[in-house]
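Novice: I'd like to ask you about the structure that follows.
A short reminder: the numbers here are calculations on the coordinates, not readings from a lab. Nothing here was measured: the structure is a model prediction, and the numbers come from that model. Methodologically, a virtual Cβ is constructed for each residue, glycine included, from the backbone with ideal geometry; neighbour enumeration extends over all protein chains shown.
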Amino acid sequence: QVQLVESGGGLVQPGGSLRLSCAASGLTFSDCAMSWYRQTPGKGRELVAQITADGVTTSYADSMKGRFTISRDNAKNTVYLQMNSLKPEDTAVYLCSAHRWLLRYWGQGTQVTVSS
């Protein structure tokens, strides 16, 4: 059974930082490209960042570029999202996703709230 479990969310003030983690099991993690998405009632689900299976290439949505960093540790079967300079509009449920061939797996998400 494939499991993706996010952690690290919480309440943070504008300008603050959080580091999200996604621990994967039940799959060959090193074969999977990994992504972070975020979801809100107003905007739905949007892509935040992606990283290739070998960790060499990353990409980001424009609004996150320069503030967010995706990384992975294949030895730990974990992908991370470092979020800096957080803004209230970053408030969302952040979800981890694994992608291999035609298969896509999702975690349950972790809540990030940016508020003073």
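Novice: Taking trypsin sites (Lys or Arg not before Pro) as exposed when DSSP calls them loop (any state but H, G, I, E, B) and at most 12 other Cβ atoms lie within 10 Å, what is the longest stretch of the chain free of them, the sites themselves excluded?
Specialist: The longest uninterrupted stretch comes out as 1-42.
Novice: Within the stretch 41-113, which chymotrypsin sites (Phe, Trp or Tyr not before Pro) sit in a loop by DSSP and count at most 12 neighbouring Cβ atoms inside 10 Å? Please report the intermediate quantities before stating the final value.
Specialist: Working: sites: Tyr60, Phe68, Tyr80, Tyr94, Trp101, Tyr105, Trp106; in loops: Trp101.
Hits after loop and neighbour filter: Trp101.
Novice: Then there's this: So between Ser71 and Ser17, what do we pick up on full extension, going 0.36 nm a residue minus the alpha carbon distance? If you can, show how the numbers build up before the last one.
Specialist: Values: separation 54, 0.36 × 54 = 19.44 nm, distance 1.57 nm.
Here the answer is 17.9 nm.
Novice: I would also like to ask the following. What base-10 log of the normalised intensity I(q)/I(0) is obtained for the chain from the Debye formula, alpha carbons as equal point scatterers, at q = 0.22 Å⁻¹?
Specialist: Here log10 of I(q) over I(0) equals -1.24.
Novice: Hey, another quick one. If I model a spin label at Thr57 and Lys43 as a point 7 Å from the Cα along the Cα→Cβ vector, what separation in nanometres do I get?
Specialist: 2.4
Novice: For every other residue with a beta carbon closer than 14 angstrom to the beta carbon of Asn74, add +1 if it is Lys or Arg and -1 if Asp or Glu, then tell me the sum. Numbers along the way, then the final one.
Specialist: Working: positive: Arg72, Lys76, Arg100; negative: Asp31, Asp54, Asp73.
Net charge around Asn74: 0.
Novice: Taking the radius of gyration and the Kirkwood hydrodynamic radius from Cα positions alone, what is the Rg/Rh ratio for the stretch 1-69, to two decimal places?
Specialist: The Rg/Rh ratio comes out at 0.98.
Novice: Another question, then. Once phi is turned into ³J(HN,Hα) by the Karplus curve 6.51 cos²θ - 1.76 cosθ + 1.60 with θ = phi - 60°, what whole-Hz value does each residue of the stretch 83-88 show in order, with x for glycine and proline?
Specialist: With the stated coefficients, the stretch 83-88 comes to 10, 10, 6, 5, 10, x Hz.
Novice: When averaged across all projection directions, what area in nm² does the alpha-carbon convex hull of the stretch 34-82 cover?
Specialist: That works out to 3.6 nm².
Novice: Then there is this: Would you work out the charge dipole size for the chain about its Cα centre, treating the Cβ of every Lys and Arg as +1 and the Cβ of every Asp and Glu as -1, and quote it to the nearest 20 debye?
Specialist: 80
Novice: Can I ask one more? Could you please report the charge total around Met83, scoring K, R as +1 and D, E as -1 over all other residues with beta-carbon less than 13 angstrom from its beta-carbon?
Specialist: Neighbourhood net charge equals +2.
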